[in-house]
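Peer 1: Dropping the structure in here first, questions after.
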Amino acid sequence: MSGNRPSAQELAAAEGTTIPDVLSPGLRVLFCGINPGLWSGATGFHFARPGNRFWPALHAAGFTPRLMHPHEQAELLEFGLGITNFVARASARAAELTDDEMRAGGQVLVEKVRRYRPQWVAVVGITAYRVAFGERRATVGPQDRRIEDARVWVLPNPSGLNAHWTASTLAAEFRQLRQAAMDDQAPRPEFEGKCG
């Protein structure tokens, strides 16, 4: 990659690539995105496209002590946070994914939760959650469904293209999740880290 900004050729070459999850056992919150965009595919970092509001919302909500950048994603583990996606392959738009891919991704997420045992799963994108789990009437916020023992919270998609949510309303939703995760003091003997 040339400099910090992928070239048009690098973005085109990122189609279909995958990037590693940020995962460890016993996380407080595992954030699940839809799939990596081409910018993430080209850089190897989650939520990497400029204009994506994931990292600012994470900080504004108090999950991180400072505004972190995509290349620092591994540091999230120190705060009991992780990142995965429903679909691993990078694409220009989430609309390129099929419903079958999303449903299969939901099953993969269940397996990851079974293995890593996070306390909360935060799905970043209401439409993705509805498709992956067949919950057509789901709304943003805490869900009745659990994935294994993990509680589920649905957050708005932080993409800059999601004009329904401003930076402040997005941060407010992330903040509600953070409060719920911090209030939940269920013993997690395999995890002694912190969240926020």
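The values are calculated or read from the model by the stated rules, or taken from the named source; none is laboratory data. Computed from a predicted structure; not experimentally measured. Here the Cβ is made from the backbone with ideal geometry for all residues, glycine too, and neighbour counts use every protein chain on show. The protein model used for the area step is the full one, side chains on, heavy atoms only, and it has no ligands, DNA or RNA in it. Shrake-Rupley method; radii C 1.70, N 1.55, O 1.52, S 1.80 Å.
Peer 1: Take the residues in region 138-181 that are outside any helix (DSSP H, G or I) and among the hydroxyl-bearing types (Ser, Thr, Tyr); name whichever of them is nearest to residue 60 (Cα to Cα).
Peer 2: Going through region 138-181, the residues outside any helix (DSSP H, G or I) turn out to be 138-166.
Still in the running and among the hydroxyl-bearing types (Ser, Thr, Tyr): 139, 159, 166.
Numbers: 139: 22, 159: 16, 166: 13 Å.
The qualifying residue nearest to residue 60 (Cα to Cα) is 166.
Peer 1: Moving on. On the basis of being among the aliphatic types (A, V, I, L, M) and in contact with a helix residue (DSSP H, G or I) (Cβ under 7 Å, 6 or more places away or on another chain), does residue 61 make the cut? Before the answer, list the steps.
Peer 2: Details: among the aliphatic types (A, V, I, L, M): yes; in contact with a helix residue (DSSP H, G or I) (Cβ under 7 Å, 6 or more places away or on another chain): yes.
For residue 61, the condition - among the aliphatic types (A, V, I, L, M) and in contact with a helix residue (DSSP H, G or I) (Cβ under 7 Å, 6 or more places away or on another chain) - is met.
Peer 1: Residue by residue through region 25-80, note down the ones that are surrounded by fewer than 19 Cβ atoms within 10 Å (Cβ to Cβ) and either within 22 Å of residue 131 (Cβ to Cβ) or touching a strand residue (DSSP E or B) at 6+ places or on another chain (Cβ under 8 Å) (or both).
Peer 2: The answer is 74, 77.
Peer 1: Additional query: Condition first: within 15 Å of residue 91 (Cβ to Cβ) and β-branched (Val, Ile, Thr). Now tell me which residues in region 4-42 satisfy that.
Peer 2: 17, 18, 19, 34
Peer 1: Restricting attention to region 38-48, and to residues there that are assigned to a loop (DSSP other than H, G, I, E, B) and hydrophobic (A, V, I, L, M, F, W, C), which single residue is farthest from residue 170 (Cα to Cα)? Full working, then the answer.
Peer 2: Keep residues of region 38-48 that are assigned to a loop (DSSP other than H, G, I, E, B), which gives 44-48.
With the extra rule that they be hydrophobic (A, V, I, L, M, F, W, C), the set shrinks to 45, 47-48.
Numbers: 45: 21, 47: 15, 48: 17 Å.
Restricting to residues being assigned to a loop (DSSP other than H, G, I, E, B) and hydrophobic (A, V, I, L, M, F, W, C), the top hit is 45.
Peer 1: Let me ask something else about it. Please state which one of 103, 114, 137 is under 17 Å from residue 26 (Cα atoms) and either open to solvent by 40 Å² or more (accessible area, probe 1.4 Å) or not aromatic (Phe, Trp, Tyr) (or both). Step through it out loud before you land on a result.
Peer 2: Working: 103 fails: under 17 Å from residue 26 (Cα atoms); 137 fails: under 17 Å from residue 26 (Cα atoms).
Of the residues listed, the single one that is under 17 Å from residue 26 (Cα atoms) and either open to solvent by 40 Å² or more (accessible area, probe 1.4 Å) or not aromatic (Phe, Trp, Tyr) (or both) is 114.
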